[in-house]
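Here you go, one structure.
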Amino acid sequence: MRLYPKSKGQWIRLCALASIAVLLFSYKFVLPFIGFVSYEPRNGDVLFQPLPGGELVNAIEGVTHSPYSHCGVVMKMNGEWVVIQALGSVKYTSLYMWVAQGRAGKFAAYRLRPGYTDVIPKFIEELNKFLGLPYDFHYEMGDDAIYCSELVYKAYKNATGTELGNLVKLGDLDWQPFAGIIKKYEGRLPLQRVMITPKDLSEAHQLTKVYGFGL
């Protein structure tokens, strides 16, 4: 019984399937691993990444003209680097798995500048107080649910009394191309809604970019 391809066409199909398999494996495992091992984390680093495509992710990145659709904060816990993030709910995720959940392992790390690092223990303490809260798909600044950049913004403000990044109104962003998606989730266009986007969080004067993989 011959198990190998019998014709040129079968060989071509086999090679194409093998190439796709290699690309998928690299996308899912190799690229995130490269980014993971190249990054030297520190407590309090704020990480940003593009999540896999979807209408909500496309809207977040589109209205801000930024590849950053998600963020979290690094901390060391029981000898392991983890990221606290609001995704589904506020939870801890191992650093590698956090990197791997993004598109092609792309992510960027921002670090508090000298002069602000003394707040890191209190910052992390405040982050932990939000554990278990559900994700806020309405992107409001209330206390019953929370989204990724809101988590970081509120924890820092609770720790220091100062803002990390600038709040913006939805109406001041490029919302028009995504009006249909916004209405799908809201039933209306809440253009006066104030929020903190991943992009505006990354532009906080207290932060400086220290690492980027693919971004």
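First measure r as the distance between the Cβ atoms of residue 172 and residue 209, then evaluate 1/(1 + (r/R0)^6) with R0 = 25 Å and state the FRET efficiency to the nearest 0.05.
Computed FRET efficiency for residue 172 and residue 209 comes out at 0.55.
Can you work out the Karplus-derived ³J(HN,Hα) for every residue in region 141-147? Use 6.51 cos²θ - 1.76 cosθ + 1.60 with θ = phi - 60°, whole Hz, and x for glycine or proline.
So the Karplus estimates, Gly and Pro as x, are 9, x, 10, 7, 8, 8, 10 Hz.
For region 27-79 and region 115-172, what is the separation of their C-alpha centers, rounded to whole Å?
Taking the Cα centre of each part, region 27-79 and region 115-172 sit 17 Å apart.
Can you give me the three principal axis dimensions of region 70-213 from its C-alpha atoms, in Å, biggest first?
46, 32, 30
A further question on this structure: Can you find, among 52, 194, 175, the residue farthest towards the positive end of the dipole of the chain? Put +1 on the C-beta of Lys and Arg, -1 on that of Asp and Glu.
The residue sitting most towards the positive pole is 52.
Please turn the phi angles of region 198-215 into ³J(HN,Hα) values with the Karplus equation 6.51 cos²θ - 1.76 cosθ + 1.60 (θ = phi - 60°), one per residue in order, whole Hz, x for glycine and proline.
So the J values, rounded to whole Hz, are x, 4, 5, 5, 5, 8, 4, 5, 6, 10, 9, 6, 10, 7, x, 10, x, 10.
Provide 150, 126 in ascending order of the number of other Cβ atoms located within 10 Å of each residue's Cβ, fewest first.
126, 150
Which entries of 154/209; 122/184; 91/199; 129/184 show an alpha-carbon separation above 27 angstrom in the structure shown?
122/184; 129/184, as the Cα separations exceed 27 Å there.
Report the FRET efficiency, 1/(1 + (r/R0)^6), for residue 80 and residue 125, where r is their Cβ-Cβ distance and R0 is 22 Å, rounded to 0.05.
About 0.75, to the nearest 0.05.
Looking at the chain, which longest stretch skips every one of the trypsin sites (Lys or Arg not before Pro) that is in a DSSP loop with at most 13 other Cβ atoms within 10 Å, leaving the sites themselves out?
7-128
Next question, about the same structure. Given +1 on the Cβ of Lys and Arg, -1 on the Cβ of Asp and Glu, and no further charges, what dipole in debye does the chain carry about its Cα centre, rounded to the nearest 20?
Value, rounded to 20: 1140 debye.
If you take every DSSP beta bridge fully contained in the chain, what fraction is antiparallel? Give it as a percent rounded to 5.
Looking only at bridges with both residues in the chain, the antiparallel portion is about 95 percent.
Moving on to the next point. Suppose the chain between residue 91 and residue 138 were pulled fully straight at 0.36 nm per residue; how much longer would it get relative to their current alpha carbon spacing?
Extending this stretch completely gives an extra 15.0 nm.
Computed from the coordinates by the stated procedures, all read-outs in this text should not be read as laboratory data. Everything numeric in this text was worked out from a predicted model, so none of it was measured. Because the Cβ atoms are built from the backbone with ideal geometry, glycine has one as well, and the counts that use them run over all protein chains shown.
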